Ligand code: CUK
Ligand code: CUA
């Protein structure tokens, strides 16, 4: 019976997606659209948006910055992928950001941005975001909108249930989706069950500068740890992880992995484990991983190879980990603003399961267990259940909350957002998405204090919604006004890459500190030339360092001689401007790198290895003044 159900759900997925894409446009689309939608999203030229939305780029590896309600794209912040536009990962200063224990890895798959918090409220200091493929967590500094740290997560694979922050940003979490042999070794895949492990890493955050360090790594049974959210308020100190494949199947063809009617939400008392580790608990295990820091003073990244982590097994800390049975392979695992309710979105289900934190504590106190898995107590479903949102839709994925006691859940298969009431579990409204929504986002949605004005739905499929652009059509985000009883669709805009999740924040929590100008006198770059008098060319064997300056509208020096074929020439270029928003660029013919785009007060470096004799021009790549075209020069390359 069970198998038939699952196959029919899979079939439904196909048929529903197909029909929605062909038929609904002219009818559903118009009925969903709010009455004065244009007025509500119009931000006049020169005016500012009310919110920033940081939208993950999925397989682009980056984080894009949009304004809400306008949907205007302001910036793509390079995080896990090289970016030729900003020279990120190309110039000598930032290459080290993409170092890993596997070497230089210039791409990843970025899913879940989360903004740092103080006392359960967004504080607008940093955005943390995860890389799925080669497990890493990055920190983006919101004074510069630049990636300033990337830490690799060892003993992990598919870093998916990441990178959510606790209510005082004590921790950023990094949870493994795939269980793997820990430590990695050559073994039969068929021996998965009982031998592969999941690892949940808790990264301690330095309150001064936001920097992460792996405090401990919890080795869990070999399930797939899909998503997570921190407790808050009364449940602060706990973290909740949805799991699937509690069967521990080595192949997830449906018959293997969805046999159990219920998987689990793992509830983890991280404070208890933190105490244990602070008192010397856990085992130091050799583990290589890169920790890369970008120092804004000298504008240079350094990469350090770390050598060990502290690992903790559940059996070492009794009473810290419990399993809450949750139906139908839960995907999203979301905690409401009060910290009382934990929503498990069973993606093969029509219902939403909501657990109660208070009931969970009661059941634990009364030791009402229903067996165990690898020594971890399993609680009884009925003992922890707060309520069920019945027949809410098909294929629930993710839930966010407003500040009025409502939940909003995305339904992938039935392609809609459903609004429901916490406590009564009644469905209040539903609106279609176009099409097949993944996450939804309400600014402050992962905090104790959401801003319940807008909801952003991030869609997987657009099909007929935009002008076609060849075989691939852009993915999209849709904005809804959620201030009234019924949701109103306002806007629909294309995204960069695949928008998995987003983090939104009122703009006035960020803008005052973000007009950052680097002071030239504070530039500590070892090859900075802070005036034309500092410029020079130095040779050491065939390594040549050219220290140059750029200012409207010339390079200094602009004629460079004495370079030979076979030289390795480092161009260190300092932008002497001290005006906000006046970058200059530079590039060299045939260079195996990107241009540089140097911000005022900063120094950047690219390497050029000339292969041919001649006199080769270079020029400024950013239109900077009326004499921009005059900003140019020559390098003479002589025979070796
Ligand atoms: S996942 Cu993409 S729709 Cu990576 Cu949060 Cu659910
Ligand atoms: Cu400097 Cu154009």
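For (1) surrounded by 20 or more Cβ atoms within 10 Å (Cβ to Cβ); (2) closer than 25 Å to residue 40 by Cα; (3) at pLDDT 95 or above, each residue gets a yes or a no:
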position	(1), (2), (3)
381	no, no, yes
384	yes, no, yes
397	yes, no, yes
428	no, yes, yes
448	yes, no, yes
454	yes, yes, yes
In the range 476-516, the residues that are within 16 Å of ligand 1 (Cβ to nearest atom) and either free of Cβ contacts under 8 Å to residues at least 40 places away in the same chain or closer than 18 Å to residue 140 by Cα (or both):
496, 499, 500, 501, 502, 503, 504
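When you look at residue 332, is it out of contact with any helix residue (DSSP H, G or I) (no Cβ under 7 Å at 6 or more places or on another chain), away from ligand 1 (no atom under 16 Å from the Cβ) and assigned by TED's automatic domain parsing to the domain that holds residue 443, yes or no? First the steps, then the outcome.
Values: out of contact with any helix residue (DSSP H, G or I) (no Cβ under 7 Å at 6 or more places or on another chain): yes; away from ligand 1 (no atom under 16 Å from the Cβ): no; assigned by TED's automatic domain parsing to the domain that holds residue 443: yes.
Answer is no for this residue.
The rows are residues; the columns are (1) closer than 30 Å to residue 447 by Cβ; (2) free of Cβ contacts under 8 Å to residues at least 40 places away in the same chain; (3) in a strand (DSSP E or B).
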{"residue": "243", "(1), (2), (3)": "yes, no, yes"}
{"residue": "252", "(1), (2), (3)": "no, yes, no"}
{"residue": "268", "(1), (2), (3)": "yes, no, yes"}
{"residue": "271", "(1), (2), (3)": "yes, yes, no"}
{"residue": "284", "(1), (2), (3)": "no, yes, yes"}
{"residue": "303", "(1), (2), (3)": "no, no, yes"}
{"residue": "310", "(1), (2), (3)": "yes, no, yes"}
{"residue": "322", "(1), (2), (3)": "yes, no, yes"}
Output the residues belonging to the range 398-433 that are in contact with a helix residue (DSSP H, G or I) (Cβ under 9 Å, 6 or more places away or on another chain) and either within 16 Å of ligand 1 (Cβ to nearest atom) or within 24 Å of residue 226 (Cβ to Cβ) (or both).
412, 413, 414, 415, 433
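Here's a check for you: in the range 544-554, which residue that is in a strand (DSSP E or B) and under 38 Å from the mean Cα position of the chain (by Cα) is farthest from ligand 2 (Cβ to nearest atom)?
Across the range 544-554, the extreme among qualifying residues is 545.
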May I ask you to list the residues in the range 157-198 that are in contact with a strand residue (DSSP E or B) (Cβ under 8 Å, 6 or more places away or on another chain), more than 22 Å from residue 116 (Cβ to Cβ) and assigned to a loop (DSSP other than H, G, I, E, B)?
157, 158, 177, 178, 179, 181, 182, 183, 196
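Yes/no matrix, rows are residues, columns are (1) more than 29 Å from residue 144 (Cβ to Cβ); (2) within 15 Å of ligand 2 (Cβ to nearest atom); (3) surrounded by 18 or more Cβ atoms within 10 Å (Cβ to Cβ):
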| site | (1), (2), (3) |
| --- | --- |
| 523 | no, no, yes |
| 526 | no, no, no |
| 531 | no, no, no |
| 562 | yes, no, no |
| 572 | no, no, yes |
| 579 | no, yes, no |
| 608 | no, no, yes |
| 618 | no, yes, yes |
Checking the condition at negative phi, part of a strand (DSSP E or B) and surrounded by fewer than 24 Cβ atoms within 10 Å (Cβ to Cβ), which residue from 228, 201, 213 passes?
213
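The values are calculated or read from the model by the stated rules, or taken from the named source; none is laboratory data. Just so it is clear, the model here is predicted, and its values are computed rather than measured. Glycine gets a Cβ as well: all are built from the backbone with ideal geometry, and neighbour counts include every protein chain shown.
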